[in-house]
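The values are calculated or read from the model by the stated rules, or taken from the named source; none is laboratory data. This is a predicted model, so every value here is computed, not measured. In this analysis, Cβ positions are derived from the backbone assuming ideal geometry, glycine residues included, and neighbour counts consider all displayed protein chains. With ligands, DNA and RNA removed, areas are computed over all heavy atoms of the protein, side chains included. Shrake-Rupley method; radii C 1.70, N 1.55, O 1.52, S 1.80 Å.
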Amino acid sequence: MIILGVVLLIAGWLLNIGILSTIGWILLAIGVILLILGALNRPVMGGRRYWY
């Protein structure tokens, strides 16, 4: 998600399309937050539940 955010951010700047830059920033922020939570070994959206 971080890589996709960076690609969209660069594409938005090069093509001068504001919505791509905005989506790129949002995806980049979400990717960094999920990366930090994963590094802290925290469950994200109920990831520790097991359904049998």
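Below, the figures for the structure above:
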| quantity | calculated |
| --- | --- |
| When residues of the range 17-52 are limited to those that are within 12 Å of the chain's Cα centre (by Cα) and open to solvent by 100 Å² or more (accessible area, probe 1.4 Å), the one modelled with the lowest pLDDT | LEU35 |
| Selection from the range 1-16 of residues that are more than 21 Å from ILE33 (Cβ to Cβ) and open to solvent by 70 Å² or more (accessible area, probe 1.4 Å) | TRP13, LEU14, LEU15, ASN16 |
